[in-house]
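Bear in mind that the values in this text are calculations on the coordinates, not laboratory data. This is a predicted model, so every value here is computed, not measured.
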């Protein structure tokens, strides 16, 4: 049966298991709920590909992002505004996040997050998807470059972009958290798995913020 709410699937959610210069504290206490891979319920190896159905995490605390500006997956002005607003939510956290106007797509110094607008061959209630394009050699969970693609036609909003960016930071849905959380658990903040659960929230949530500070 098709879900009553439109699921914001990304990576692991295919199984239906269920930006700016930033500074922060030098050390952060580990949150009581683990939502960054690997967790006690998710330890799959990072592999490349849109439909790999795995979670990966970006490779360091200096994160660059780019929005496709031409071609099939170009972001329109409203989409670009949504991404910039979404990435600004990560302001005040430990990662240093900035826009890369001269993106690098291969080799050394790859741009970390590439945002695109367009279809991706999944059911129409799937609004966005995040995948690893380049797993880091010799590691199990690290990715040098993530792609984020969100449908057009009004689906590209701030909440969706912030949620998908969270996956690129290695954050899970509730079903992959340790201990496991309900997919709509309030504590999951922007990583709640269904659009209707978040209610257009303009915040990441304390668990998301604490997790990213602790991880990076």
(request) Compute the Cα gyration tensor for region 114-216, then decide on rounded, prolate or oblate, letting a ≥ b ≥ c be the square roots of its eigenvalues: rounded whenever a/c is under 1.5, prolate when a/b is larger than b/c in the other cases, and oblate in all that remain. (result) oblate
(request) Largest first and to the nearest Å, give the Cα extent of region 11-215 along each principal axis. (result) 43, 36, 30
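Full extension from residue 140 to residue 88: what is 0.36 nm times the residue separation minus their Cα-Cα distance, to one decimal in nm?
15.8 nm
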